[in-house]
Amino acid sequence: MGVAKYIKDERGAIKEVTYQSGITVKPVYGPEDLKKAGFGYDKDLGSPGEYPFTRSLHPQSYRSRAWTTRQYTGFGTPEETNERFKLMIANGQNGLNVAFDLPTQMGYDSDHPLAEGEVGRVGMAIDSLKDFETAFAGIPLDRIGSGLTINAVATIMMAMYQAMAENFGYSKEQISTTPQNDILKEMIGRGAWIFPVEHGVRLVGDSIEYAVKELPKSNPVSICGYHIRESGATPAQEIAYAFEIAKAYIDNVVQRGIKPEEFVGRFSFNFNVYGNLWEQIAKFRAARKLWAKMLKNEYGVTEKKKLFLRGLFGGGGSGLTKEQPENNIMRGAYYALGATLSGAQTIALCSFDEAYTIPTPRSALLSLRTLEMLMDEVGLRDTVDPLAGSYFIETITLEMEDKILEEMKEVEDLGGMVKCISNGLIQRKVSSQAYEYEKGLQSGEYRKVGITPGKTDKKTETTDVELHEYNEAWAEKSKANLKELRLTRNDRDVTESLKALEKAARTNKNVMPYLVKCCHAYATVGEMAGVFRETFGEWNEPEFY
Amino acid sequence: METTNKIRVLIAKPGLDGHDKGAKIVALALRDAGMEVIYSGLHQTLDQIMQTATEESVDIIGLSIMSGAHLPISEKLIGMMKEQGLDEIRLTVGGVIPHQDIPKLKKMGVAEVFPGGTSFEDIITGMNNLFE
């Protein structure tokens, strides 16, 4: 049953429940459990909007403002992405969450041999500032913030976003962008890394430093426990590893003489909603509290707002099944319920067809509607942190806190996150857990509705899922645009800006202002990433077993 | 091939996609089933995959593709295998593969297709059956 371990007696009654994070659940909770756990209202919860923010970041939470909805969008050409952006905004979405194709994510232009067959496939293809100008045309950039799902070349995309906004007449102070920019999690899961670990971390540091000084409304890094969880981590590890990654970035920026107080308020997080409902709720509440405590106690951060664990709780990809895809609509709704019961600030839901394909407008709208139902029909905005005080929820929230701290200690005892990723330790651990979980799923130890243990269900043809077709013409169009660009841009500006970038990269100067200049000169993503490839080299993945 | 010999499998991630959980857990399952498993690592070009397959004299190349580019990638690799006289090696493909693409892949010469959700048992049996 579920993602937790259930032991039943011969009559089918549940005898034992153990969550993935290692928390054992009792059949009944009462006041004695809170007493035993040493629970204290002021110490462990505090009023909503007050330290340690277990209950909520804001005193009125969804009463004052519903969560932000930010579905993941972007495919094909910048023109098509622009149309989809406008559709989502017209349907009430108030932030963008931009997907890039793999060549862009890996720093290759559309005409690079390695880009073949991939241009525009899983996100939009961006070669130069021209493409950004097309994709964001007519979007009110002072009002709509953009999450950019980009990591290895996040510095380049951040610079490009600024250059694009400037060309549209906005100042860099007005715009708000949140590049994902979490390279360490790419090395654990998702795999869109390019440069060796230390250079990857340095680029993250550059972007944070630059945002602190130049982009007051932008959030330079979004740390993703999400993908770590998808790769096989438990919920407690998801939070623990994300916090250890955050520490690695904080340390890099602190070395530049900037105080944590000046920049940690710009961090945001991306966490997964997949799993046992109660465990997720405990996870989010414990995470908000631990983050605030860590910043206060270890980094001396004092200003209230800078202690907020802000972020997107969403997705849930691992929970979706290819079999009976319509079931994923209901799954998504329950995941969203978990996120809203936990006080999520921003939510994006996987669409029901995402186990197969890029969501169609129909499935993307279903996800938006699911969230609207919770907001406007079901009553999730009625009161702040409705589960507070539950004997069960408060007990497991405290237990979750301990589990997260244990996982963090393990990483720190082994030399910290940079080391644990460089030597492959975390990747091996997470992969072997994923393997054990998959075996459990196949043996029936864990259950997903619609899946018969040990059977590949060949009959469940999914005729109802409309596939998002890949269009060869996208690549042709991108290549033609690129050719045209190379003929029309000012070559001297390009060469000079790239040369200056190379020097900055080599001499440990912050690369951001140099990238902005390259973008304005219409240097391509491949050219800028190429400079980094030359200067930093590429990462060699450690063996995974 | 003789049954006493272990089947040698190269689990390979072609192209730019980095979603490697499936590839890794299948590699672990095949290893536990007694096969010799080589994992290519991420971001491999087809040339690199061919080279590893030759150096390691594998019996099977198992491609893991999540990006949707399984048709062009498989077609190209099969062409290269033929060209280099390596068409003895069996090619299998796993990942996000829509059902309607399975016949197309088989027609190209892919020996087995294991879409996401295929059980370890079916993958192991499917691979063993290629040598019966």
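The values are calculated or read from the model by the stated rules, or taken from the named source; none is laboratory data. All values derive from a computational prediction rather than experimental measurement. All Cβ positions, even for glycine, are placed from backbone atoms using ideal geometry, and neighbour counts span all protein chains on display.
Every residue in the stretch A:285-295 that is in contact (Cβ under 8 Å) with a residue 40 or more places away in the chain and farther than 10 Å from A:Y51 by Cα, please.
A:R285, A:A286, A:A287, A:L290, A:W291, A:M294
Which is surrounded by 24 or more Cβ atoms within 10 Å (Cβ to Cβ) and part of a helix (DSSP H, G or I), of A:K283, A:K247?
Result of the check over A:K283, A:K247: A:K283.
Which ones in the stretch A:89-113 are farther than 30 Å from B:Q48 by Cα and touching a Pro at 6+ places or on another chain (Cβ under 9 Å)?
A:I89
Among helices (runs of 4 or more DSSP H) lying entirely in the stretch A:335-447, which contain 3 or more residues that are more than 30 Å from B:G94 (Cβ to Cβ) and more than 14 Å from every other protein chain (Cβ to nearest Cβ)?
Output list reads A:361-372, A:391-413, A:417-422.
Sort out which residues of the stretch A:153-170 are in a loop (DSSP other than H, G, I, E, B) and buried (at least 23 other Cβ atoms within 10 Å of the Cβ), and write them in order of number.
Listed by number, the list holds a single entry, A:V153.
Mind telling me which of the residues B:L30, B:L46 ends up being surrounded by fewer than 21 Cβ atoms within 10 Å (Cβ to Cβ) and hydrophobic (A, V, I, L, M, F, W, C)?
The match here is B:L46.
Rundown of residues vs (1) surrounded by 20 or more Cβ atoms within 10 Å (Cβ to Cβ); (2) of a type outside the set (G, A, S); (3) more than 23 Å from A:T360 (Cβ to Cβ), yes/no style:
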residue: A:S61; (1), (2), (3): yes, no, yes
residue: A:Q71; (1), (2), (3): yes, yes, no
residue: A:K86; (1), (2), (3): no, yes, no
residue: A:Q93; (1), (2), (3): yes, yes, no
residue: A:E116; (1), (2), (3): no, yes, yes
residue: A:M124; (1), (2), (3): yes, yes, no
residue: A:S128; (1), (2), (3): yes, no, yes
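Yes or no: A:Q71 polar (S, T, N, Q), assigned by TED's automatic domain parsing to the domain that holds A:E472 and in contact with a helix residue (DSSP H, G or I) (Cβ under 7 Å, 6 or more places away or on another chain)?
yes
Which one of B:K76, B:K106 is touching a residue at least 24 places away in the same chain (Cβ under 8 Å), over 27 Å from A:F195 (Cα atoms) and of a type in the set (K, R)?
The match here is B:K76.
Each row is one residue, and each column tells you yes or no for (1) in contact with a strand residue (DSSP E or B) (Cβ under 7 Å, 6 or more places away or on another chain); (2) outside any helix (DSSP H, G or I).
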| site | (1), (2) |
| --- | --- |
| B:G34 | no, yes |
| B:S64 | yes, yes |
| B:S67 | no, yes |
| B:K76 | no, no |
| B:M80 | no, no |
| B:T92 | yes, yes |
| B:I97 | yes, yes |
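If I ask for residues that are under 19 Å from B:P72 (Cβ atoms) and aliphatic (A, V, I, L, M), which ones from the stretch B:87-132 would you list?
Residues satisfying the conditions are B:L91, B:V93, B:V96, B:I97, B:I102, B:L105, B:M108, B:V110, B:A111, B:V113.
If A:A137 meets every condition in (1) surrounded by fewer than 24 Cβ atoms within 10 Å (Cβ to Cβ); (2) within 14 Å of another protein chain (Cβ to nearest Cβ) apart from one, which number is that one?
It fails just one condition, (2).
Are there any pairs, at least 6 apart or on different chains, whose C-beta atoms fall under 6 Å, with the first in the stretch A:421-447 and crowded, with 20+ Cβ neighbours inside 10 Å and the second of a type in the set (V, I, T) and part of a helix (DSSP H, G or I), and if so, which?
A:I426/A:I188; A:Q427/A:I188; A:A434/B:I25; A:Y435/B:I25; A:E438/B:I25
Taking into account only those residues within the stretch B:80-104 that are within 14 Å of chain A (Cβ to nearest Cβ) and among the charged types (D, E, K, R), which is farthest from B:F131 (Cα to Cα)?
B:D101
When you scan the stretch B:23-46, do you find a residue that is in contact with a Leu (Cβ under 7 Å, 6 or more places away or on another chain), among the charged types (D, E, K, R) and either at pLDDT 95 or above or closer than 25 Å to B:T125 by Cα (or both), even just one?
Scanning the stretch B:23-46 turns up no residue that is in contact with a Leu (Cβ under 7 Å, 6 or more places away or on another chain), among the charged types (D, E, K, R) and either at pLDDT 95 or above or closer than 25 Å to B:T125 by Cα (or both).
Looking only at the stretch A:171-184, filter to residues that are crowded, with 24+ Cβ neighbours inside 10 Å and out of contact with any Ser or Thr (no Cβ under 9 Å at 6 or more places or on another chain); which one of those is nearest to the other protein chains (Cβ to nearest Cβ)?
A:I183
Condition first: in a loop (DSSP other than H, G, I, E, B) and of a type in the set (D, E). Now tell me which residues in the stretch A:295-324 satisfy that.
Those that are in a loop (DSSP other than H, G, I, E, B) and of a type in the set (D, E): A:E303, A:E323.
Could we say that A:N82 is assigned to a strand (DSSP E or B) and either in contact (Cβ under 8 Å) with a residue 24 or more places away in the chain or within 14 Å of chain B (Cβ to nearest Cβ) (or both) here?
No.
Restricting attention to the stretch A:180-220, which residues are hydrophobic (A, V, I, L, M, F, W, C) and part of a loop (DSSP other than H, G, I, E, B)?
Within the stretch A:180-220, A:A192, A:W193, A:I194, A:F195, A:L215 qualify.
Would you say A:L141 is assigned by TED's automatic domain parsing to the domain that holds A:K172 and in contact with a strand residue (DSSP E or B) (Cβ under 8 Å, 6 or more places away or on another chain)?
No.
When the residues of the stretch A:1-35 are filtered to those that are in a helix (DSSP H, G or I) and in contact (Cβ under 8 Å) with a residue 24 or more places away in the chain, which remaining residue is surrounded by the most Cβ atoms within 10 Å (Cβ to Cβ)?
The residue in question is A:L34.
Being of a type in the set (G, A, S), buried (at least 18 other Cβ atoms within 10 Å of the Cβ) and within 19 Å of A:E118 (Cβ to Cβ) is true for just one of B:G68, B:G79. Which residue is that?
Going through B:G68, B:G79 in turn, just one is of a type in the set (G, A, S), buried (at least 18 other Cβ atoms within 10 Å of the Cβ) and within 19 Å of A:E118 (Cβ to Cβ): B:G68.
Residues that are more than 12 Å from chain A (Cβ to nearest Cβ) and within 17 Å of A:Y435 (Cβ to Cβ): does the stretch B:61-79 have at least one?
Checked against the condition, which is being more than 12 Å from chain A (Cβ to nearest Cβ) and within 17 Å of A:Y435 (Cβ to Cβ), the stretch B:61-79 yields at least one hit.
Quickly run through the stretch B:6-60 and pick out the residues that are over 28 Å from A:P103 (Cβ atoms), at the interface with chain A (Cβ under 9 Å from one of its Cβ atoms) and in contact with a helix residue (DSSP H, G or I) (Cβ under 6 Å, 6 or more places away or on another chain).
Result: B:L28, B:A29, B:V37.
Quick one: which residue in A:P453, A:P542, A:P513 is modelled with pLDDT of 95 or more and either within 14 Å of chain B (Cβ to nearest Cβ) or over 30 Å from A:G316 (Cα atoms) (or both)?
When all the criteria are applied, what remains is A:P513.
Pairs needed: first member in the stretch A:221-235, touching a residue at least 60 places away in the same chain (Cβ under 8 Å) and under 17 Å from A:N97 (Cβ atoms); second member anywhere, among the hydroxyl-bearing types (S, T, Y) and in a loop (DSSP other than H, G, I, E, B); C-beta distance under 8 Å; at least 6 residues apart or different chains.
If the second residue must be among the hydroxyl-bearing types (S, T, Y) and in a loop (DSSP other than H, G, I, E, B), the pairs left are A:E230/A:Y274.
Looking at the stretch B:105-120, is at least one residue assigned to a helix (DSSP H, G or I), within 9 Å of chain A (Cβ to nearest Cβ), buried (at least 17 other Cβ atoms within 10 Å of the Cβ) and modelled with pLDDT of 95 or more?
Checked against the condition, which is being assigned to a helix (DSSP H, G or I), within 9 Å of chain A (Cβ to nearest Cβ), buried (at least 17 other Cβ atoms within 10 Å of the Cβ) and modelled with pLDDT of 95 or more, the stretch B:105-120 yields at least one hit.
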